[in-house]
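Input: a single structure, listed below in structure tokens.
The values are calculated or read from the model by the stated rules, or taken from the named source; none is laboratory data. Computed from a predicted model, the values in this text were never measured in an experiment. Glycine gets a Cβ as well: all are built from the backbone with ideal geometry, and neighbour counts include every protein chain shown. The area values use the complete protein model at the heavy-atom level, side chains included, leaving out ligands, DNA and RNA. Shrake-Rupley method; radii C 1.70, N 1.55, O 1.52, S 1.80 Å.
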Amino acid sequence: MENEKTNRVGSVIFSEYERGEAVKKAAEMSREDILGEIKISSLKGRGGAGFPTSTKWMLTAAAKSDEKYVICNADEGEPGTFKDRVLLLEYPKLVFEGMVVAGKTIGAKVGFLYLRGEYEYMLKSLHDYLSEMKQDQLLGKSICGKEGFDFDIQIRLGSGAYICGEETALIESLEGQRGEARNRPPFPVSTGYKNKPTTVNNVETLAAVSQIVTKGGEWYKTYGTNKSSGSKLFSVSGDCKKPGVYELPWGTKISELLKLVEAEKTKAVQVGGASGVCFPKSQFERTLAYEDISTGGSIIIFNESRDMVKVLKNFMEFFVEESCGQCTPCRIGNVKLLEGVEMIEDKTFTFNYINKLKELGKTMQVSSKCGLGQSSPNSFLSILENFSEEIFNGRNGGKHEK
Amino acid sequence: MKNKKTLRAPVSQKAHIVEKPEDITTIGGTIAIEINEKKVTVPLGTTILEACQQNNIHIPTLCHHPDLCVAGVCRLCVVEVEGMRTLQASCAYPITARMKIKTSTPMVRKARKHILDLLLSEHYGECYSCVRNSKCELQSLSKEYGIEEFTFGHIKEPKHVIDKSSFSVLRDMDKCVLCKRCVRTCIDLQEVGVLEATYKGDETTISTFMDRPLAGVICINCGQCINRCPTGALRANDPSDAIWNSIDDPKKHVVIQTAPSPRAAIGEEFGLEAGHSMTGQLNTALKRIGFDGVFDTNFTADLTIIEEGTELIIRLFKALVNQDPSVSLPQFTSCSPGWVKYLEHFYPEYIDNLSSAKSPQQMFGTLFKTYYAKQKGIDPKDIVSVAVMPCSAKKYECNRPEMNDSGYKDVDYGLTTRELAKMIKEAGIHLPELPKDSFDSPFGDASGAGLIFGATGGVMEAAIRTVVEFVLGVKVEDVFKNANVEVVRGFEGVKYAEIPIGDKVGPVPDLIKHLVPNWDWLKGATLKIAVAHGTANAKKIMEDIKAGGKFSECHFIEFMACPGGCIGGGGQPIPTSPEIRKARAKAIYSEDESLDVRKSHENKHVLRIYEEFLKDGPCGHLSHELLHTHYTKRGKYIA
């Protein structure tokens, strides 16, 4: 692909990589050996949940079925995240080859790239890239000339629903149904697309797989912390001079990241998008790692000019609209939380009621059907907790801007 | 959770199946768990909810229903499982590993109360002006959880307009709690698929295709969604005010026919357990209310058997003897209006297979305004005919434009069991305490064959009782013990049976002597029959017929739109469950056994009708005019 750029700086994902490396290497490896490398690397899911990739693959590989599927979750819908877009536009080799490796490992012949509806403009270039891979025997029948190493990739477009980033809702959507999360268990590893064993991986996870297979699990583990191996792509936006996608090793402090992107007078950092947690200055020395602040990589920076009530209102409006509407806590709970934010904005709240809403938020975290509802109160709870002075007493002598 | 072998609904609305081992004594077939620190052993794949129910631990539920696949959406049934970060919906969680479950922790109780608070905040309306007052699951749950105030507010303005377009089912979406029972009923239980959730987030609504009114979509009016709605969001179109007006009008002669299924179920509305037949008491109640004539729909059920059975014989004769290729076989029953509309929409190419005989309700309607009017010397325009049915589709049926063969609207009002119970209560009558009374002349008491129409397989059994005696010339008791045709009874979704005719046939009975010369042409033949209840099962048979399978070889097939047949109809008391339907069927079968006359052709009042009124006999000219009808190829696309 002509517009392929390789000038990004990064020691793992963005490190040097020649097209076809991972597939060619995987073609010579046994399924067990591939799984072994992934296991050594301690790679965890990069979508945000952090489930060990090798475990997911092992379960799918072990499931008895004549049909299995690989799904690359490119429904990048979390507000403030755009790393997958960069990977797909600039490093499709890493993503698609990761899917081929996954296919070989779990025993799947077909993979789907579930592409966010808003990324439709990439469709042509991605299809072109897949054709090139086929020409180079990196995809299709008898990959690398190996009899029986068959894998094909189809691209499917989403239609703009945030919920379809949740893996079981994604599968429903892929099957042509309304995007709604399924009950778990069973999990996709045994009962996924068309009720067949399916592994659903984030774009970045699969990109990391290509690097791990090529350079080894041990190499991968030299980056990051003890409990969080490798690197992470961060989508940085908001009040800073250099927003964009950054590859940083796990264990980077929030303050270090702020310095890197030249953020000034920062008041708050929202880590993990709308469903994430908002950190105040006092916590900027905390680290971005599974053991401290686990995240899918969305970093939104707010400087001192921002009104946190408005920030929170924006997030809650998002969830009210993007809840799939099937379970009670998420469908109605988010509406109540938003109403609470509006009361704060209008100064018509009572602390008693706000406390009830905080309790409600905790109920939503434990009783919602899927990750959407379980994480939607995070920003409500963390912003009220960490910015209570500003929220309840107002910024400029008590008035919130409307 | 039902361990259904076939899955039909969209996956998100299906039960997640963990295959339950056939023999639970095998190793690994059961699993030891702890519920509230008590050790119990359950079969692998049992849901947490089932495990709790088996151990007498109450878990509140709302979206769960014993007839339906799992949704796991209301979240009221959440429980704590040790080692899990979040609470688990007990209805949707199959136990496949050892676990420790706690059903009443502070977190669980708080979550349930919050969820109820949330549902109530969006639930418009007041209990005292709701059809489901005191029979509402949301109301019961509120009581159970001691709700005394609306913690998160209460909606003040309605958001939706009540859809009153349908003759049968009204939809009031302001009372909807989005449990999706109606969706699962329509998509999965009945496989009709009229209802589905639309939009998302706080705008999620249960809707129809393009948000059309119910009358403008392919709804078959079966009302199964009403029976499973936990609130008053779905209800039947209630004509009781108009009926009261007719009763109170001295110029009107108001007659009522009662079907067997309402009689077997109405006691439930008065606090009795399912399975008490109230036929005699109901007669008394109806007379006290002020109906001028109280009649038994079983009478026209007997008439239906004669007409429909004769029609079958004619079809068979034409096909087998005359080799007429235009004859459509198998013949399908046509007494379930939900089934008829289902066929018209989904399999319009098969409408010629439907028996042209009207349903018992509509036959009676025509007779009231013709034969009865003449007998009584009443101007038919002053007769108001009411039908108590277990059915919501009967409301639609009596409004079909072709149902005016008497020159008037044959049946003016279809009334459900629930609505009649309401009228009886309004009249200050406590039904179970009443003395028994009989039906009025000139139609009198009917046969047990008409009675068992209420249960799945009943129409077929009634037909067999008559056909066997007509053709073989022997007592049906000699072929089927006690005249109970067990092969067509029971709740198996699809039933199939073969009745060999053998070499001995009897003489042709007088009633149909003019139609067939003898039975020799049936010698050695095997009568193949089938029975299906619930349109999902009907679909199985229809698809098999389309594919030329074994059901295409059948001669006669009974179809009922509702699970269990009429006893599980959309107008029956709420709640419904497989156990309740079983009890109602049992009541009907035992009443049948207690009767002296149990065969339609032995109903002397029916025979008298042919002597006095329908003089050219079954399927003759007059009966075709009055007792038979035609159907419409509707298809799935409605302009």
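Conditions (1) charged (D, E, K, R); (2) in a helix (DSSP H, G or I), marked per residue:
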residue: A:THR295; (1), (2): no, no
residue: A:LYS310; (1), (2): yes, yes
residue: A:CYS330; (1), (2): no, yes
residue: A:PHE349; (1), (2): no, no
residue: A:ASN378; (1), (2): no, yes
Among the candidates A:ASN183, A:ASN201, residue that is open to solvent by less than 30 Å² (accessible area, probe 1.4 Å), at negative phi and within 10 Å of chain B (Cβ to nearest Cβ) = A:ASN183
Among the residues of region B:541-565, the number that are within 19 Å of B:VAL340 (Cβ to Cβ) and surrounded by fewer than 18 Cβ atoms within 10 Å (Cβ to Cβ) is 2
Out of region A:52-93, which residues are open to solvent by less than 10 Å² (accessible area, probe 1.4 Å), farther than 30 Å from A:CYS278 by Cα and assigned to a helix (DSSP H, G or I)?
-> A:TRP57, A:THR60, A:PRO92
Reported set for region B:566-613 where residues are open to solvent by less than 10 Å² (accessible area, probe 1.4 Å) and under 13 Å from the mean Cα position of the chain (by Cα) is B:ILE567, B:GLY568, B:GLY569, B:GLY570, B:GLY571, B:GLN572, B:PRO573, B:THR576, B:ARG584, B:ALA585
Counting only residues that are among the hydroxyl-bearing types (Ser, Thr, Tyr) and over 13 Å from the mean Cα position of the chain (by Cα), which one in region B:381-419 is nearest to B:THR535 (Cα to Cα)?
-> B:TYR396
Condition test on B:LEU178, is it open to solvent by less than 60 Å² (accessible area, probe 1.4 Å), within 14 Å of another protein chain (Cβ to nearest Cβ), farther than 30 Å from B:THR30 by Cα and within 33 Å of the chain's Cα centre (by Cα)?
-> yes
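Yes or no: region B:476-492 includes at least one residue that is more than 26 Å from B:ILE545 (Cα to Cα), part of a helix (DSSP H, G or I) and open to solvent by less than 40 Å² (accessible area, probe 1.4 Å). Steps first, please.
Just the residues of region B:476-492 that are more than 26 Å from B:ILE545 (Cα to Cα), to begin with: B:476-484.
Remaining after also requiring part of a helix (DSSP H, G or I): B:476-479, B:481-483.
The next check asks that each one be open to solvent by less than 40 Å² (accessible area, probe 1.4 Å); those that pass are B:476, B:483.
Yes, because at least one residue in region B:476-492 is more than 26 Å from B:ILE545 (Cα to Cα), part of a helix (DSSP H, G or I) and open to solvent by less than 40 Å² (accessible area, probe 1.4 Å).
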Unique residue being open to solvent by 20 Å² or more (accessible area, probe 1.4 Å), over 25 Å from B:ALA111 (Cβ atoms) and among the aromatic types (Phe, Trp, Tyr) when the list is A:PHE392, A:PHE351, A:PHE318 | A:PHE392
Single residue of A:LEU139, A:LEU123, A:LEU170 found to be more than 11 Å from chain B (Cβ to nearest Cβ), out of contact with any Pro (no Cβ under 6 Å at 6 or more places or on another chain) and within 24 Å of A:THR328 (Cα to Cα) = A:LEU170
Under 6 Å between Cβ atoms, at least 6 apart or on separate chains: pull out the pairs that start in region B:406-426 with a residue that is closer than 20 Å to B:PHE167 by Cα and open to solvent by 60 Å² or more (accessible area, probe 1.4 Å) and end on any residue that is assigned to a loop (DSSP other than H, G, I, E, B) and of a type outside the set (Phe, Trp, Tyr).
-> B:TYR413/B:PRO239
Positions within region A:52-75 being in contact with a Gly (Cβ under 8 Å, 6 or more places away or on another chain) and either modelled with pLDDT under 95 or among the aliphatic types (A, V, I, L, M) (or both), in sequence order = A:ALA61, A:VAL70, A:ILE71
Does B:THR284 satisfy the criteria of being within 14 Å of B:HIS430 (Cα to Cα), open to solvent by less than 20 Å² (accessible area, probe 1.4 Å) and polar (S, T, N, Q)?
-> yes
Filter result for B:ALA97 (assigned to a loop (DSSP other than H, G, I, E, B) and either open to solvent by less than 30 Å² (accessible area, probe 1.4 Å) or without any contact (Cβ under 8 Å) to a residue 24 or more places away in the chain (or both)) = no
Restricting attention to region B:120-142, does a residue exist that is on the phi > 0 side of the Ramachandran plot and either open to solvent by 30 Å² or more (accessible area, probe 1.4 Å) or small (Gly, Ala, Ser) (or both)?
-> yes
Out of region B:102-122, which residues are more than 8 Å from chain A (Cβ to nearest Cβ), more than 38 Å from the chain's Cα centre (by Cα) and not in a loop (DSSP other than H, G, I, E, B)?
-> B:LYS102, B:PRO106
Quick count over region B:495-527, residues being surrounded by fewer than 17 Cβ atoms within 10 Å (Cβ to Cβ), on the phi < 0 side of the Ramachandran plot and in contact with a strand residue (DSSP E or B) (Cβ under 9 Å, 6 or more places away or on another chain), is 3
Would you check if there is a residue in region A:342-361 being more than 22 Å from A:PRO280 (Cβ to Cβ), in contact (Cβ under 8 Å) with a residue 12 or more places away in the chain and more than 12 Å from chain B (Cβ to nearest Cβ)?
-> yes
